[in-house]
């Protein structure tokens, strides 16, 4: 089951929400349940964002969304619940997750996956479910794509399982809401859990500025309807692994875990920094990993699903 929580527009907000739901359903080939956040105009919406974000106050729409999401998670017939958040919906989703962490059983939380676009939240929690092993190599860095993927490098370390296994954030580098939210606070240690993709670009609208670039649709019809393209510029960007200090590196997954959780394989044809700590040059030519190698949400397009961890992609 897929659920979407987004910010509302000051112009025909219900129509915008329906357009977002239709686009998500078309892209991922699944029914989508939308949670409407009614608007009071741009001034009152900004005031509401500040109250929700800085005071962690659960407004009525947050309570309604929490009840809907918890109901889905507790349904034994639902093996997976995918939560898609946009803009102010990221603030509300972060508060809902805090609430779920306090009340929902761990088994239910493991069925939850969260994906955000232009996230305005100042935190995103997913605590570890076990005591992490001591980290001997404290060297830190930030892994980037041309749209940056912020995670860590350094020596390989044991994967630390977390309450919510899959969280991904997508943001445009010049989207002022993303810069005010996820792209700013992700630099603070233990503040923002999840993989972060930053695309060089402008705009904040979900359909026009995010999905049309990251999950573009095929302009031709297939079986009478449009589907997502299997290749696009953003997903084909090379991952540029660069050394840079990052206070959050010890809490983020390394490239090996990132690729495995998104169905990728760290084989000879995909170059990964954690497997190149050797003076010996590989004989076979390898390719740099792409954004699509790290994006789990990409594997849901057109009704597909990620393979079980460890099996890799076809």
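The values are calculated or read from the model by the stated rules, or taken from the named source; none is laboratory data. Since this is a predicted model, take the numbers as computed values, not measurements. Please note: Cβ atoms are built from the backbone with ideal geometry, for glycine as well, and neighbour counts cover all protein chains shown.
Of the set (1) within 20 Å of residue 28 (Cα to Cα); (2) over 17 Å from the mean Cα position of the chain (by Cα), all apply to residue 189 but (1). For the range 85-98, the count of residues that are assigned to a helix (DSSP H, G or I), surrounded by fewer than 18 Cβ atoms within 10 Å (Cβ to Cβ) and on the phi < 0 side of the Ramachandran plot is nonzero.
Inspect all residues belonging to the range 180-201 and state whether any of them is within 22 Å of residue 303 (Cα to Cα) and touching a strand residue (DSSP E or B) at 6+ places or on another chain (Cβ under 9 Å). Checking the range 180-201: not a single residue is within 22 Å of residue 303 (Cα to Cα) and touching a strand residue (DSSP E or B) at 6+ places or on another chain (Cβ under 9 Å). Looking only at the range 174-191, residues that are outside any helix (DSSP H, G or I) and modelled with pLDDT of 95 or more come to 3 in all. Against the test of being farther than 27 Å from residue 22 by Cβ and modelled with pLDDT of 95 or more, the options 54, 98 yield a single qualifying residue, 98.
Can you tell me which residue in the range 217-247 is modelled with the lowest pLDDT, limited to those that are assigned to a loop (DSSP other than H, G, I, E, B) and buried (at least 17 other Cβ atoms within 10 Å of the Cβ)? Out of the qualifying residues, it is 246. Within the range 13-32, the residues that satisfy the criterion of being modelled with pLDDT under 90 and loosely packed, with under 15 Cβ neighbours inside 10 Å are 14, 15. Residues in the range 12-54 that are in contact with a strand residue (DSSP E or B) (Cβ under 8 Å, 6 or more places away or on another chain), in contact (Cβ under 8 Å) with a residue 24 or more places away in the chain and either farther than 16 Å from residue 89 by Cα or not in a helix (DSSP H, G or I) (or both): 26, 27, 28, 30, 31, 32, 33, 34, 35, 37.
Being in contact (Cβ under 8 Å) with a residue 60 or more places away in the chain, touching a helix residue (DSSP H, G or I) at 6+ places or on another chain (Cβ under 8 Å) and closer than 15 Å to residue 165 by Cα, is that true of even one residue in the range 93-107? Yes - at least one qualifying residue is present in the range 93-107. Screening the range 192-214 for residues that are part of a loop (DSSP other than H, G, I, E, B) and touching a helix residue (DSSP H, G or I) at 6+ places or on another chain (Cβ under 8 Å) and picking the one that is surrounded by the most Cβ atoms within 10 Å (Cβ to Cβ) gives 193.
In this structure, is residue 57 assigned to a helix (DSSP H, G or I) and farther than 25 Å from residue 203 by Cα? When the stated conditions are applied, residue 57 does not pass them.
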